[in-house]
Amino acid sequence: MNTNRTQQTLERLSALLRSESRALLNDYGLQPVQYEALYYLSVSNRYSNTAKAVTEFLGQTKGTISQTLKVLEKKGLISRQVDDVDKRISHLLVTPAGQALIKQLRPSPILNLTCQQLEVGEFDNINQSLTRLLSQLQAANQFKTFGQCHSCIYNVRVSKSQFLCDLTREPLSKAETGLICREHLENINSHEANRIPQAD
C-alpha cells in the first residue's frame, strides 16, 4: 500500500483545481476560500448555514471565516437572516447573484472536460473510490461527515415527498433532503431505505 503516492496524487489534483480556481475567481475579486464558503452555503441545509458550520466544514479559523463572510456579504453574494426561534443565530443565505456565480464556475472547466473523456464506468469507479476514501478518513478521525440529509440515520421518510428529521423532529421537504448537514450521521441502509424519490 503506497499511501504516500495516494497523498501526492490528491495534493496534485487539489493544486491544479485551486490554480484554475484562482485564475477564474480573479475576475470577481474573490479568493478560493471565499468561493469555497459560498459554494458550501449553497448546498447546506437550514441547520448548517451558519458561520460556525462554515468554519467546521472548511477547517479554517473563526477569524478567517469571519473576514471571508464579510467579503461575500459586501459583494452581495450572501445575506444574513436571523433565526425565527433563536435570535442569537444568523443564517447565511446565498443570493441570486451568488447562485449565478456558482453556476458559472462549477463544475471546474478543466475537470469537466477531462471527465468527459473517461468511460462512464471508469468515472463512476473514481467517484466511488474517492467517496469511500473520504468516508473512511472522516470515520477514522471522528470528523463530521457533512453528508446529504437523505443518507442520514435521522432522516425518516413520511411519504413519497415528505420527510422528517428525527433529531430535531421537524418536517423536511424533498428538496432539503438533497442538502448537506453538519449533524449528519451515515445510515448504512440509506441507499435503499431513504433514497430520494425521482420526480414524477
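General observations
- Restricted to the range 175-200, and to residues there that are out of contact with any Phe, Trp or Tyr (no Cβ under 7 Å at 6 or more places or on another chain) and among the charged types (D, E, K, R), the residue that is modelled with the highest pLDDT is Glu176.
- Selection from the range 137-151 of residues that are more than 17 Å from the chain's Cα centre (by Cα) and of a type in the set (Gly, Ala, Ser): Ala139, Ala140
- Selection over the range 155-191 of residues that are hydrophobic (A, V, I, L, M, F, W, C) and part of a strand (DSSP E or B) gives a count of 6.
- Restricting attention to the range 82-101, the residues that are loosely packed, with under 12 Cβ neighbours inside 10 Å and under 12 Å from Thr50 (Cα atoms) total 2.
- The listed residue being on the phi < 0 side of the Ramachandran plot, among the hydrophobic types (A, V, I, L, M, F, W, C) and without any contact (Cβ under 8 Å) to a residue 60 or more places away in the chain, out of Leu30, Leu24, Leu38, Leu17: Leu30
- Count of the range 51-63 residues, restricted to those that are assigned to a loop (DSSP other than H, G, I, E, B), on the phi < 0 side of the Ramachandran plot and without any contact (Cβ under 8 Å) to a residue 24 or more places away in the chain, is 1.
- Only listed residue being of a type outside the set (A, V, I, L, M), more than 22 Å from Asn127 (Cβ to Cβ) and surrounded by 18 or more Cβ atoms within 10 Å (Cβ to Cβ), chosen from Gln104, Gln60, Gln34: Gln34
- The condition of being polar (S, T, N, Q) and not in a helix (DSSP H, G or I) holds for only one of Ser48, Ser21, Ser14, Ser66, that being Ser48.
- Of all residues making up the range 69-112, the number that are more than 15 Å from Ser21 (Cβ to Cβ), part of a helix (DSSP H, G or I) and among the hydrophobic types (A, V, I, L, M, F, W, C): 5
- A single member of Arg88, Arg132, Arg80 is modelled with pLDDT under 95 and in the same structural domain as Leu16 (by TED's automatic domain parsing), and it is Arg88.
- Here the range 135-154 is the region considered, the condition is being outside any loop (DSSP other than H, G, I, E, B) and of a type in the set (Ser, Thr, Tyr), and the residue that is surrounded by the most Cβ atoms within 10 Å (Cβ to Cβ) is Ser151.
- Number of residues in the range 157-176 that are free of Cβ contacts under 8 Å to residues at least 24 places away in the same chain, over 15 Å from Arg46 (Cβ atoms) and among the charged types (D, E, K, R): the value is 1.
The values are calculated or read from the model by the stated rules, or taken from the named source; none is laboratory data. These numbers come from a predicted model, not from an experiment. Backbone-built Cβ (ideal geometry, glycine too); neighbour counts: all protein chains shown.
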